[in-house]
1. Report every pair of residues separated by at least 6 positions or lying on different chains whose Cβ atoms are under 8 Å apart, first residue within the stretch 125-154 and within 24 Å of Pro3 (Cα to Cα) and open to solvent by less than 100 Å² (accessible area, probe 1.4 Å), second assigned to a helix (DSSP H, G or I) and of a type in the set (Ser, Thr, Tyr).
2. Quick one: which of Arg129, Arg93 is among the basic types (Lys, Arg) and either touching a Cys at 6+ places or on another chain (Cβ under 6 Å) or over 17 Å from Pro11 (Cα atoms) (or both)?
3. Counting just the residues of the stretch 62-77 that are out of contact with any Phe, Trp or Tyr (no Cβ under 7 Å at 6 or more places or on another chain) and of a type in the set (A, V, I, L, M), which one comes out nearest to Ile37 (Cα to Cα)?
4. Kindly indicate the residue of the stretch 69-88 that is in contact (Cβ under 8 Å) with a residue 40 or more places away in the chain and in a helix (DSSP H, G or I) and also surrounded by the fewest Cβ atoms within 10 Å (Cβ to Cβ) among those meeting that condition.
5. Give me the pairs, please: first residue somewhere in the stretch 91-117 and under 28 Å from Glu67 (Cα atoms) and outside any strand (DSSP E or B), second residue anywhere and open to solvent by 20 Å² or more (accessible area, probe 1.4 Å) and of a type in the set (Val, Ile, Thr), beta-carbon distance under 9 Å, and either six or more positions apart or on two chains.
6. Restricting to the stretch 5-21, name every residue that is surrounded by fewer than 24 Cβ atoms within 10 Å (Cβ to Cβ) and assigned to a strand (DSSP E or B).
7. Can you tell me which residue in the stretch 96-123 is nearest to Lys15 (Cα to Cα), limited to those that are open to solvent by 30 Å² or more (accessible area, probe 1.4 Å) and in contact with a strand residue (DSSP E or B) (Cβ under 8 Å, 6 or more places away or on another chain)?
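The values are calculated or read from the model by the stated rules, or taken from the named source; none is laboratory data. A quick note: this is a predicted structure, and the numbers were derived from the prediction, not measured. Ideal geometry is used to build each Cβ from the backbone, glycine not excepted, and the neighbour counts take in all protein chains shown. For accessibility, only protein heavy atoms count, side chains too; no ligands or nucleic acids. Shrake-Rupley method; radii C 1.70, N 1.55, O 1.52, S 1.80 Å.
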Amino acid sequence: MMPNVVLSGMPGSGKTAVGRKVAETLGWSLLDTDEMIARRTGRSVADLFAEGGEVDFREAERVVVREAAKTRRAVIATGGGVVLDSRNMAALRRHGFIVSLAASPEVLLARVGADGGGRPLLAPDAPARVRTLLAERALRYDDADLVLDAARPV
């Protein structure tokens, strides 16, 4: 049985855009964990962060990651911080091939904008936050089955 394709990477790395193309090419479904969280909770990611902080968001994320990991023949576009929870990654690896989309801070910022594009973890200073988060998460992103340069336009 074919494993799922799991896309990880920083905000702005192109997980959803690449996921759409890969899912279309394979004829598989696309599962975006941030969209799944919004549907399940009835609140946007930004609202979840504003109301309950990162802790509440990560708990909601854990639930949808477990759900997504159980599917078959899916491309799963994860939130940028999904790699921070070893339980998330164990669930995704069980039936998935992990692909990390890598890009420089400059590329990421060009895509999300100096204001972070509404991404709560990038506020209020997206340039500084992108560099900090990338440094904190780099080893976890590099632990993927495949790391691809996501600097090219999707």
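1. Val147/Tyr141
2. Details: Arg129 fails: either touching a Cys at 6+ places or on another chain (Cβ under 6 Å) or over 17 Å from Pro11 (Cα atoms) (or both).
From the options Arg129, Arg93, the qualifying one is Arg93.
3. Keep residues of the stretch 62-77 that are out of contact with any Phe, Trp or Tyr (no Cβ under 7 Å at 6 or more places or on another chain), which gives 62-72, 76-77.
Restricting the remaining residues to those that are of a type in the set (A, V, I, L, M) gives 63-65, 68-69, 76-77.
Values: Val63: 9, Val64: 7, Val65: 9, Ala68: 11, Ala69: 14, Ile76: 13, Ala77: 12 Å.
Only one residue tops the list, namely Val64.
4. Of all residues in the stretch 69-88, those in contact (Cβ under 8 Å) with a residue 40 or more places away in the chain come to 69, 71-84.
If we keep only those that are in a helix (DSSP H, G or I) as well, we get 69, 82-84.
Numbers: Ala69: 21, Val82: 27, Val83: 24, Leu84: 16.
Across the stretch 69-88, the extreme among qualifying residues is Leu84.
5. From the stretch 91-117, the pairs are His95/Thr71.
6. Val5
7. Filtering first and then ranking leaves Ala102.
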